[in-house]
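Just below is one structure, and these are the notes that go with it.
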Amino acid sequence: SQFSALGQCSTQLCPTCTYGGYCDVTCGYCAAPSPTPSPTMVPTPCTDDDVTVLNVTGYTCSQFSALGQCSTQLCPTCTYGGYCDVTCGYCAAPSPTPSPTMVPTPCTDDDVTVLNVTGYT
């Protein structure tokens, strides 16, 4: 651009200058796009509640498991589901939660407008 060749980027075409935004590519005012962050693992809480299951049923998680009652009494949809998930093996592995994707701001030169406004390209 003629403005750039005349050394006018910092005085006429900078982001806060009179003609800011018209020659961002030519004058080097485009920001490098930030990398998209990697997904993070969000663990699902998984515990045994031996105190509650013992008070309600008279058995601990280990006793239920030893009696083979996990699939009939302690499964996620069973009567006492959620009390002995660790002992009975109902804990799901954490799955990645996708992070938001960053959308870069487009960076362009507007030679037509700068020519019409200033007479230079």
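For the reader, a short list of remarks on this structure follows.
- Of all residues in the range 31-48, one or more are within 13 Å of Y83 (Cβ to Cβ), open to solvent by 80 Å² or more (accessible area, probe 1.4 Å) and either touching a Leu at 6+ places or on another chain (Cβ under 7 Å) or modelled with pLDDT of 85 or more (or both).
- S71 falls short of the stated requirement of being surrounded by 12 or more Cβ atoms within 10 Å (Cβ to Cβ) and modelled with pLDDT of 85 or more.
The values are calculated or read from the model by the stated rules, or taken from the named source; none is laboratory data. All of these numbers come straight from a predicted model, not from anything done at the bench. Positions of Cβ are backbone-derived with ideal geometry, glycine not excepted, and every protein chain shown enters the neighbour counts. Only protein heavy atoms, including side chains, enter the accessible area calculation; ligands, DNA and RNA are left aside. Shrake-Rupley method; radii C 1.70, N 1.55, O 1.52, S 1.80 Å.
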